[in-house]
Amino acid sequence: MSTTLIERPAPAGATRPSLVPRRRTRVFALAEARWAAAATVAFLIALPLQLTGAPAWAWVPMYAIAYVTGGWEPGWAGLQALREKTLDVDLLMIVAAIGAAAIGQVMDGALLIVIFATSGALEALATARTQDSVRGLLDLAPATATRLLDDGGEETVATEALAVGDTILIRPGERVGADGRVLDGASEVDQATITGEPLPVAKQAGDEVFAGTLNGTGVLRVKVERDPADSVIARIVAMVEEASETKAPTQLFIEKVEQRYSLGMVAATLAVFLIPLAFGAAVTGSLLRAMTFMIVASPCAVVLATMPPLLSAIANAGRHGVLVKSAVVMERLGQVDAVALDKTGTLTEGTPRVTDIRPLAGSGLSEDELLALAAAAEHPSEHPLARAVVSAARERGLEIPAARDFTSAPGIGVTATVHGDAVAVGAPARLLNRAEDRLSALAAVVAEELEDSGRTAVLVERDSLPVGILGIADRLRPDAAATVAALTALTGSTPMLLTGDNPRAAARLAAEVGITDVRAGLLPQDKVTAVREQEKAGRRVLVIGDGVNDAPALAAAHTGIAMGRAGSDLALETADAVIVRDELATVPTVVALSRRARSFVVQNLVIASVFISGLVIWDLVGHLPLPLGVLGHEGSTVIVGLNGLRLLRDSAWKRAGAEAAT
């Protein structure tokens, strides 16, 4: 019941890929969910009526509704597979359910159908949502762009119509229409969607810009260097699609042997029925024996051996803020033996904060006075650095003076008049361009020291003289170091850091959390390359990220986890699991819980196989009474089900957390 995405040939002149589901669309997925819900409701109505001794006419019709509403889709899928000379577990489950009903075990068959219908509907919905999210990514690039003409005029054209060599105008607040290089102008561009950098990047003549990134307050003239169909944002879409299609088939352990088991069970059931007939046995007796064999050999206990531990682990993780999207994902989490982490928004909080306040000797200012002066000048600005400075002043309870004559120069900084003094706040490299004096030299030394430690240095001037330096950085999550240590212990190797941020900031943060393998300045395709290198070496990689730029790596990895609070829609839909509360420390715990669930699955499979083997041998060698066969079959089902439900308890989560911490 899996779904893949295929790419239709694009219409003439079109550049955006047109995605259609091979078997499912959102409409079909919603319809399938409604059928599964109807089957579940009918089953839940019938079960208590049967258990309380109500007459058969009250509950049998409800079971019949469950059979029809939940069974038609997997039954049809099984028949289609049969037409292709393939016997899958869908058809086997329907046959087993009908067989159970034929000998009076209506509830058993209905339960099987409800389990299969529900799991199929959940998979269909997840597939449809991921497809919609991939489509939505294309909307990051603007639909139109302003193209400059040779005669000095301008025209508005569709971004698909842009060609390499065209010159486009990017006004303040607009998204860049194509990948290119700045010819003229200066501004700051928010390119977090591409590189994951937490702060806007200053752009001037000669710098590269990417389609879909957001321009700041300046005006840019950009020469188009890539066809829109080959832009970085378009390549992200293509990489997510490719990774989704080429990723190894995600199957539960029991599904890997379903074909052989299905064929073997059908062949054995026919043999149990036909061989006695060939030796003159009565049809009724042979049929009863064959139906008994089908019941005791049906994989009910095997299915429940697999599902309850995994579903219980999913429910337990959900209560603790981790959304695991399927039983397959819960199983795969326990297999990981390598981890790759994003930096901004994953190991860090994703919000710049003031970390250092350095008044210069001779300025006569205290830390609070320097911060209040900078906050007054930055207060009217919407720049992320400005918000960080103002927030820091407010956190200290400082009074922020009023500012007049505010101006902002893209890529340089802001100026304003505060208490009659001309105050400038901005990049040291742009402001420290006067003749050298003692304060300027001191400011340059402090700024270099802060930048070498991975912080962004912000210079504060009063009346054209440097008075202090502020250090600003994205703050590390409190549980980041402990998480890295726990993941190292679980997988036996130190996680990698994959980031689009600058190498100095990446190296500083990696040193703080104990990561030695640092790969910085990466574009999305570079992250995918790093993941695939690990997988070629035989590693099963867990990728943890939050941004659009992380989505291709999340899709390509063995398992992907997204940070939920600030994660992009594409990352949340592409990832296999989501950390809803942004508690990074839950990652090693859920990995350890998955490993416990896998051990419970193995226990249950042993129990189920012992029961099934014993009952089958009894039926083949001797004469197994049908009631006793049903009792043994149901007993094994109950035992493995209850064993798996042990993972619902909070103690299971605490034990997994303790295992991850040791």
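The values are calculated or read from the model by the stated rules, or taken from the named source; none is laboratory data. Keep in mind the model is a prediction, meaning the values are calculated, not measured. Cβ sites come from the backbone with ideal geometry, for glycine too, and all protein chains shown count toward neighbours.
Of the conditions (1) under 21 Å from Leu497 (Cβ atoms); (2) over 12 Å from the mean Cα position of the chain (by Cα), Arg595 clears all except one; give me its number.
In the conditions (1) under 21 Å from Leu497 (Cβ atoms); (2) over 12 Å from the mean Cα position of the chain (by Cα), Arg595 misses (1) alone.
Only residues that are in contact (Cβ under 8 Å) with a residue 12 or more places away in the chain and β-branched (Val, Ile, Thr): list them for region 515-529, please.
Once the filter is applied, which keeps residues that are in contact (Cβ under 8 Å) with a residue 12 or more places away in the chain and β-branched (Val, Ile, Thr), region 515-529 yields Ile515, Thr516, Val518, Val528.
Is it the case that Ala416 is surrounded by 17 or more Cβ atoms within 10 Å (Cβ to Cβ), at pLDDT 90 or above and farther than 14 Å from Ile472 by Cβ?
Answer is yes for this residue.
With the condition kept exactly as written, say whether any residue in region 369-387 is more than 23 Å from Ala473 (Cα to Cα), touching a residue at least 40 places away in the same chain (Cβ under 8 Å) and touching a strand residue (DSSP E or B) at 6+ places or on another chain (Cβ under 7 Å).
So far as region 369-387 goes, no, none of its residues is more than 23 Å from Ala473 (Cα to Cα), touching a residue at least 40 places away in the same chain (Cβ under 8 Å) and touching a strand residue (DSSP E or B) at 6+ places or on another chain (Cβ under 7 Å).
For Pro198, all conditions in the list (1) modelled with pLDDT of 80 or more; (2) under 29 Å from the mean Cα position of the chain (by Cα); (3) assigned to a loop (DSSP other than H, G, I, E, B) hold save one; what is the number of the exception?
Checking Pro198 against (1) modelled with pLDDT of 80 or more; (2) under 29 Å from the mean Cα position of the chain (by Cα); (3) assigned to a loop (DSSP other than H, G, I, E, B), the one that fails is (1).
Would a scan of region 603-610 turn up a residue that is surrounded by fewer than 21 Cβ atoms within 10 Å (Cβ to Cβ), not aliphatic (A, V, I, L, M) and not in a loop (DSSP other than H, G, I, E, B)?
Taking every residue of region 603-610 in turn, at least one turns out to be surrounded by fewer than 21 Cβ atoms within 10 Å (Cβ to Cβ), not aliphatic (A, V, I, L, M) and not in a loop (DSSP other than H, G, I, E, B).
Provide a single number: the residues in region 466-490 that are aliphatic (A, V, I, L, M) and part of a strand (DSSP E or B).
Counting residues in region 466-490 that are aliphatic (A, V, I, L, M) and part of a strand (DSSP E or B) gives 6.
Just checking, which of Ala403, Ala422 is modelled with pLDDT of 85 or more, under 24 Å from Glu382 (Cβ atoms) and buried (at least 17 other Cβ atoms within 10 Å of the Cβ)?
None of the others qualify; the one that does is Ala403.
With the requirement that a residue be within 23 Å of the chain's Cα centre (by Cα) and touching a residue at least 60 places away in the same chain (Cβ under 8 Å), what does region 449-487 give you?
Residues satisfying the conditions are Asp474, Arg475, Leu476, Arg477, Asp479, Ala480, Ala482, Thr483, Val484, Ala486, Leu487.
Of the conditions (1) at pLDDT 70 or above; (2) surrounded by 14 or more Cβ atoms within 10 Å (Cβ to Cβ); (3) not in a loop (DSSP other than H, G, I, E, B), Leu274 satisfies every one except a single condition; which number is it?
(2)
Condition first: in contact (Cβ under 8 Å) with a residue 40 or more places away in the chain and surrounded by 15 or more Cβ atoms within 10 Å (Cβ to Cβ). Can you find one or more residues in region 51-59 that meet it?
no
Within region 530-548, track down each residue that is free of Cβ contacts under 8 Å to residues at least 60 places away in the same chain and basic (Lys, Arg).
Arg532, Lys536
Out of all the residues in region 496-518, which are under 20 Å from Thr559 (Cβ atoms) and either surrounded by fewer than 17 Cβ atoms within 10 Å (Cβ to Cβ) or touching a Gly at 6+ places or on another chain (Cβ under 9 Å) (or both)?
Within region 496-518, Leu498, Thr499, Asp517 meet the criteria.
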